[in-house]
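Just below is one structure, and these are the notes that go with it.
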Amino acid sequence: MSLYTIFSDEDQSIYNVKTHAKGPIGELPLTAQMLEESPSGDLFGMTQNVGMGWKPQELLGKQVLILGTNGGIRDHDGSPIALGYHTGHWEVDLLMSEAAKEIREKKGVPFAAFVSDPCDGRSQGTVGMFDSFPFRNDAALVYRRLIRSLPTRQAVMGVATCDKGLPAMMIALAGTADLPTIIVPGGVTLPPTVGEDAGKVQTIGARFANKEITLKEAAELGCVSCATSGGGCQFLGTAATAQVVAEALGLAITHSALAPSGQPIWGEMARQSARAVLAMEKNQLTTKDILTDKAIENAMVVHAAFGGSTNLLLHIPAIAHAANCRIPTVEDWIRINKKTPRLVSVLPNGPDYHPTVRAYLAGGVPEVMLHLRKLGLLHEDVKTVTGATLGENLDWWEHSERRTEIRKRLFAADRVQPEEVIMSPEQAKEKGLTSTVTFPEGNIAPEGAVIKSTSIDPSVVGEDGVYRHTGVAKVFTSEKDAIKAIKTGGVEAGDVMVVIGGGPLGTGMEETYQLTSALKYLPFGKQVSLLTDARFSGVSTGACIGHIGPEALAGGPIGKLRNGDMIEIVIDCLNLEGTVQFIGTKDDQLPIADATKLLNSRSTHQELKSNPKLPDDTRLWASLQAVSGGTWRGSVYDVDRIIEVLEAGEKALARDEL
């Protein structure tokens, strides 16, 4: 490479550089009052708008800002010029375009801005995962700055799909209390006609290493898994659950979550959402009218009924915090999960592994809500972005042509009845579905932990609905060492894997799906339990207990476990109660009180430390969210608390310097 090779073969026409241009034709629709009273920014904004090609006579319409997570560059025919990070944001620009066209047809003025998002699947097992969860807070900050940086906007639309981009968008809009805002869920990708879903396909490495599949099978399966080019993964992971929660909050129009990306019904959703947000602006319906304590509780109930990702236990409190609503506590989650039956049978929980597009065709969120309203579990008087109450939305849905036709389409396309995917409480109970989440405690998790107990393999759960496992600990201080052990025979049936140092202080609270997925799809995996202070992907299943607090690097007892320790796990999947206890060693099992005393007296694991590649950005995030209440409050930034701690620290330092 040289200057010659860089600048060789230039077309001589490039030197014909113009130094002035005529400019747009016409006049700005200014009035004397505007010139006398408007800030210069508003006036110059009109100049900028016509400079971008907008007609001067169309400048005075309602201004709607459309924020999106779009990634990559698509050519006019949809082929890639530059790839995005994932399929979930690959077609988001199409939704934004449909919304913008609708706004323009209604004489409005659409604006668009983008903050792309990462892919947890792409960053699994890499240092990229250290930025995954912290990205959510950063993106929400940027979205809010973009909203405020367009002072003339009168409404905001957020178009997003996946694990971090959609929660970030909801947090940002939740903090925009006095404007009409709406979420347009980005939809889901389709499963391959022959092949594996995007969750199972992420285990091809572990299965090949354990001689479960051939190299050719791995290559073929990996190629077809994302069967269409846009939308979130085909399972009810964090992306799909976040879409469900957006609709359950009332922030998205009825029957919008989980729409198949790229199809006409998906594009129409964007146009309908644009009409809705314009009506909100006209009727002065704003975010604070929709996001209330009742709306937050509705979202928690629907989360439980779907069997949603445990990551929403981190995101829903953050949305509540941004909206100045009451932040749900662990006791609230327990109460709601105990009274709410799981009604949806989809990937990854089962028992029948339907893809998310079938949940959409079975009726999606409003269909589940019809069952929940009969149980009296919903606040039907809450306002939604349709302008109607939730109860009015459900009245419409129950007797709508849309409901009839969309459910008929499920059977016509896949020969699946809607009731096989979204069940009544009676059907769900008969099918063996249990409530979604349990929060075990014990001497390893004195501040609590989380397990999606509904997705423990039924074959290892007792007839009384209780999962019991007493086994020998195999302790790993990094996910890298843990997955290596799974691939090379270092983990066996009956073991209790303990992965420490994966909390916010260690890795930014990394997601450990490559571990949980490998255990799910390897023959011995259902005989192994996993304990960690990290978090799990929404597609994780099995006896996997995460979010263990305090985290190891904050002095939590989980960081004091050693190879050979005996661990006792009891999870009551029916009553949603559980314990995770250290009970001594293989050679010396102890009563709980004595075991607890022994564990507390130990020093932390000698190899425990923050990952040396942890970015400074993530270290800062970890500290800020820790003083703001930590993961149980959603890993938010509580500005008042942060300022209080900083001021106290400054005073303490000043005293030390005297």
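Around Gly307, with a cut-off of 13 angstrom between Cβ atoms, what is the net charge of the other residues, counting Lys and Arg +1 and Asp and Glu -1?
Residues close to Gly307 contribute a combined charge of +2.
Tell me, what ³J(HN,Hα) does each residue in region 119-135 have, in order and in whole Hz, if you take phi through Karplus 6.51 cos²θ - 1.76 cosθ + 1.60 with θ = phi - 60° and put x for Gly and Pro?
Once rounded to whole Hz, the list reads 10, 5, x, 5, 9, 4, x, 10, 5, x, 5, 5, 9, 5, 5, x, 4.
Report, largest value first, the span of the C-alpha coordinates of region 449-608 along each principal axis, in whole Å.
37, 33, 28
Which of Leu433, Ile451, Leu258 sits farthest toward the positive end of the charge dipole of the chain, with +1 on the Cβ of Lys and Arg and -1 on the Cβ of Asp and Glu?
Of the candidates, Leu258 comes out farthest on the positive side.
Summing +1 for each Lys or Arg and -1 for each Asp or Glu, what net charge is found among the other residues whose Cβ lies under 11 Å from the Cβ of Arg342?
On the way: positive: Lys429, Lys431, Lys452; negative: none.
Cβ neighbours under 11 Å give a net charge of +3.
Which value, in debye to the nearest 20, gives the size of the charge dipole of the chain about its Cα centre, when Lys and Arg are +1 and Asp and Glu are -1 at the Cβ? Display every interim value, and only then the final one.
Details: 63 positive and 78 negative charges, 95 e Å.
Dipole size: approximately 460 debye.
Put +1 on the Cβ of every Lys and Arg and -1 on every Asp and Glu Cβ in the chain; which of Pro550, Asn49, Thr618 then has its Cα farthest towards the positive end of the dipole?
Asn49
Taking a cut-off of 20 Å, what percent of all Cα-Cα pairs in region 518-630 are separated by more than that?
Details: 3423 of 6328 pairs.
It works out to 54 percent of all Cα pairs.
Can you give me the long-range amide H partners of Val159? Hydrogens built in the peptide plane at 1.01 Å from N, cutoff under 5 Å, separation of 5 or more residues or another chain.
HN-HN under 5 Å from Val159: Leu67, Gly68, Thr69, Val184.
Grab the eigenvalues of the alpha-carbon gyration tensor for region 574-658, scale each by 5, take roots, and send me the semi-axes largest first in whole angstrom.
36, 20, 16
Whole-Hz ³J(HN,Hα) for each residue in region 608-624, computed from phi via Karplus 6.51 cos²θ - 1.76 cosθ + 1.60 with θ = phi - 60°, x for glycine and proline: what do you get?
6, 6, 4, 4, x, 9, 5, x, 4, 4, 6, 4, 5, 4, 4, 5, 5
Can you tally the net charge around Thr31? Count Lys and Arg as +1, Asp and Glu as -1, for every other residue whose Cβ sits under 13 Å from the Cβ of Thr31.
With Lys, Arg at +1 and Asp, Glu at -1, the neighbours total -4.
Once the mean 1/r over all distinct Cα pairs of region 358-452 is inverted, what Kirkwood radius in angstroms do you read off?
15.6
Go through Ile66, Leu166, Pro151 and say which Cα lies farthest out towards the positive end of the charge dipole of the chain; charges sit on Cβ, +1 for Lys and Arg, -1 for Asp and Glu.
Final value for the positive-end residue is Ile66.
Among the lysines, which fall within straight-line cross-link reach of Lys487, defined as a Cα-Cα distance under 26 Å, with same-chain neighbours fewer than 8 residues apart omitted?
Lys200, Lys211, Lys216, Lys452, Lys474, Lys520, Lys526, Lys560, Lys586, Lys609, Lys613
Just for the Cα atoms in region 155-279, what are the lengths along the principal axes, largest first, rounded to whole Å?
On the principal axes, region 155-279 reaches 57, 29, 17 Å in Cα extent.
Mind pulling up the Rg/Rh value for region 465-519? Radius of gyration and Kirkwood radius, both on Cα.
Here Rg/Rh amounts to 0.99.
Using a simple charge model, +1 on the beta-carbon of Lys and Arg, -1 on the beta-carbon of Asp and Glu, nothing else, what dipole does region 346-431 show about its Cα centre, in debye to the nearest 20?
My answer is approximately 200 debye.
Amide H neighbours of Ala112 under 5 Å, counting only residues 5+ apart in sequence or on other chains, H built in-plane at 1.01 Å?
Hits under the 5 Å cutoff: Ile66.
As an exercise, take the mean of 1/r over every pair of distinct alpha carbons in region 232-391, invert it, and state the Kirkwood radius in angstroms. Each step should come with its number before you reach the end.
Values: mean 1/r = 0.0630 Å⁻¹.
Its Kirkwood hydrodynamic radius stands at 15.9 Å.
Any idea what diffusion coefficient region 71-143 gets from Stokes-Einstein, in µm²/s, Kirkwood Rh on alpha carbon pairs, 4 °C, 1.567 mPa s?
Approximately 91 µm²/s, per Stokes-Einstein.
Can you run the Rg to Rh ratio on the chain? Use alpha carbon positions and the Kirkwood inverse-distance Rh.
My calculation of the ratio gives 1.00.
Rg over Rh of region 105-166, using C-alpha atoms and the Kirkwood radius, what does it come to?
Working: Rg = 14.7 Å, Rh = 13.5 Å.
Using Cα coordinates only, the ratio equals 1.09.
List the relative contact order of the chain as a percent without decimals, with contacts defined as Cα pairs under 8 Å and 6+ residues apart.
Answer for the chain is 12 percent.
If amide hydrogens are placed 1.01 Å from N in the peptide plane, which non-local residues have theirs closer than 5 Å to the one on Glu91?
For Glu91, the qualifying residues are Gly231.
A short reminder: the numbers here are calculations on the coordinates, not readings from a lab. Note that this is a predicted model, so its numbers are computed, not measured. Note: ideal-geometry Cβ built from the backbone for every residue, glycine included; neighbour counts use all protein chains shown.
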